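The structure under discussion appears below in the form of structure tokens.
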């Protein structure tokens, strides 16, 4: 098996490779890493390259894949996953698979408003939300959602990894200790919110009810008739900085995610981020069109989900045992 991983300078990639190499069911593993940054953990790769995500990206990734006879590309960033999904036919001609959905599916699941809209029409619970493009709409919708008494969340429609997320502080609601502590989030009161500049920057935004912990990463793999998932409760609900997970079992979350995957026509490995509403029901926050950066936690807990995914995509047999025990993993 010859695999190429993007975002190879990521914090947990070296651990991911370590567990893949230790898996005796993955034969003749050859791993190539590419990243825009300098890869400091080159020793874990058979080959590594520094490439930029620019007009030459496609040409370079194809060249690297051909030189190293790559069978499978695993994109670890949203934009690479979406971009490469457009080119799946081109790679298929070169006998290279890409671990991503079709471009049509990726385009849908990467837009929070589109996801919420599709799911709500199918009767699947999503946050209470509105999309706004101007100040008049913003003022109208925050009032409907209960501000100034309630806390709300403002985020870009197509934001990635918590970028641009704002907790709009209410007068009566309390925030949880973790909220606003992420590196990419901030807490703002209405009198200090420059909504005009935010609209100018992002064009379209969502304002929605604030959801509550516990927070979950769900590694969800659906491929043709096969499906498998792992539910991981975040030790740090914001996710950034990453502090580890507790792997859990929950039929309620499992059934909820199965419905989402079927409606959104998922046919790859994705990362579903969940929180809870005030009724303590699991609610989808977003779908990431690529593996979670912390998917390796499953291998550490002796549930080699990523190995199973790789083997399945490459049409190799792989027997995976059911998750026998829950476990807290600190990394």
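The values are calculated or read from the model by the stated rules, or taken from the named source; none is laboratory data. Here the structure is a predicted model, which is why all the values come from computation and not from measurement. Ideal geometry is used to build each Cβ from the backbone, glycine not excepted, and the neighbour counts take in all protein chains shown.
When residues of the stretch 171-209 are filtered for being under 24 Å from residue 270 (Cβ atoms) and either modelled with pLDDT of 90 or more or in a strand (DSSP E or B) (or both), how many remain? Of the residues in that region, 7 qualify. If you go through the stretch 232-271 and keep only what is farther than 25 Å from residue 315 by Cα and in a strand (DSSP E or B), you end up with 232, 233, 234, 245, 246, 247, 248.
Within the stretch 129-170, restricting attention to residues that are touching a residue at least 60 places away in the same chain (Cβ under 8 Å) and in a helix (DSSP H, G or I), the residue that is surrounded by the most Cβ atoms within 10 Å (Cβ to Cβ) is 142.
In the stretch 284-306, is there at least one residue being modelled with pLDDT under 95 and farther than 23 Å from residue 5 by Cβ? Scanning the stretch 284-306 turns up at least one residue that is modelled with pLDDT under 95 and farther than 23 Å from residue 5 by Cβ.
Being under 24 Å from residue 107 (Cβ atoms), outside the structural domain of residue 149 (by TED's automatic domain parsing), touching a residue at least 24 places away in the same chain (Cβ under 8 Å) and within 14 Å of the chain's Cα centre (by Cα) holds for only one residue in 240, 266, and it is 266. In the stretch 251-273, the qualifying residues are those that are under 11 Å from residue 231 (Cβ atoms) and out of contact with any helix residue (DSSP H, G or I) (no Cβ under 7 Å at 6 or more places or on another chain), and the one that is surrounded by the fewest Cβ atoms within 10 Å (Cβ to Cβ) is 251. For the stretch 81-101, which residues satisfy the criterion of being part of a loop (DSSP other than H, G, I, E, B) and either in the same structural domain as residue 219 (by TED's automatic domain parsing) or within 17 Å of residue 5 (Cα to Cα) (or both)? Within the stretch 81-101, 87, 95, 96, 99, 100, 101 meet the criteria.
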